[in-house]
Amino acid sequence: MQKNWYIVYTKEHAEMKVSHLLSKKKIENFCPFNYNKSQSLFWKKVSFEPIFDSYVFVKTTEFEILPLTKQVSGIISILYWKGKPAIIKREEIIAMKEFTTNHHDIRLVKGATKEMSSNSNDFSYVIDGQIFKVKNRATKLQLPSLGCTLVAAAQGKDIIVNTLSFADNELILQS
């Protein structure tokens, strides 16, 4: 039986716990976290927050995913699409892993991902059906199967070129 990526819905603020419990059971999973830095006059604060609230991505078969709600505490249910557990494309998981590794202060934009406006100031690249776009010094990753876009600002003022690798292809994005 072929293993696919599925989404499990967790209790509020239990994403890290569920991910840890799945790893203990030797079930491959992915919970993308956002690395945020904030600074006050007297202190610096670093926090890791999940990008997708109450979601953990799990790689398993369809028959193994169904009993997970009873086996792992913290999982409420499985995300369904048209009566079956929703399958996320492997390429999108790889792209999310690369994007979260290379970018900080990522925000999630929900909504239409099919069409993005293009100006003369925008650079966009299409590889394997995914659109990588640089606009106003922000890099975007579209995730059509999730119906959302991940947006990250450039890390520094002098950064002009960002490099993303996606499905064994390397992109150089210039802003």
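The values are calculated or read from the model by the stated rules, or taken from the named source; none is laboratory data. Computed from a predicted model, the values in this text were never measured in an experiment. Note: ideal-geometry Cβ built from the backbone for every residue, glycine included; neighbour counts use all protein chains shown. Each accessible area value is taken on the protein alone, full model and side chains, heavy atoms only, with ligands, DNA and RNA left out. Shrake-Rupley method; radii C 1.70, N 1.55, O 1.52, S 1.80 Å.
When the chain is fully extended, how far beyond the present Cα-Cα distance does Y80 get from D53, taking 0.36 nm per residue of separation?
On the way: separation 27, 0.36 × 27 = 9.72 nm, distance 1.66 nm.
Using 0.36 nm per residue and subtracting the Cα-Cα distance, I get 8.1 nm.
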Item to complete: Any chance you could look up the accessible area of E64 with a 1.4 Å probe, heavy atoms only, rounded to 10 Å²?
Response: 100 Å²
Worksheet entry | Residues whose placed amide H lies under 5 Å from that of I78, excluding near-sequence neighbours | Y9
Worksheet item: Given q = 0.17, 0.18, 0.26 Å⁻¹, what are the Debye log10 I(q)/I(0) values for segment 1-88, with equal point scatterers placed on the Cα positions and solvent ignored?
Response: -0.68, -0.74, -1.34
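Please tell me which of these pairs span more than 28 angstrom C-alpha to C-alpha: K11/K82; K37/K70; K3/K45; K45/K70; K44/K110?
Working: K11/K82 23 Å; K37/K70 36 Å; K3/K45 39 Å; K45/K70 36 Å; K44/K110 30 Å.
Violating the 28 Å Cα-Cα cut-off are K37/K70; K3/K45; K45/K70; K44/K110.
Let me know the charge dipole size of segment 11-71 about its Cα centre in debye, to the nearest 20, where only the beta-carbon of Lys, Arg (+1) and Asp, Glu (-1) is charged. Show your work: numbers first, answer last.
Details: 10 positive and 7 negative charges, 67 e Å.
Its charge dipole is roughly 320 debye.
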Response to the item:
Placing each pseudo-label 7 Å from Cα in the direction of the beta carbon, A153 and D105 end up separated by a distance in nanometres of 0.3 nm
Item to complete: Give a residue-ordered list of calculated ³J(HN,Hα) values for segment 43-49 (Karplus: 6.51 cos²θ - 1.76 cosθ + 1.60, θ = phi - 60°; whole Hz; x for Gly, Pro).
Response: 8, 10, 10, 10, 9, 10, 10
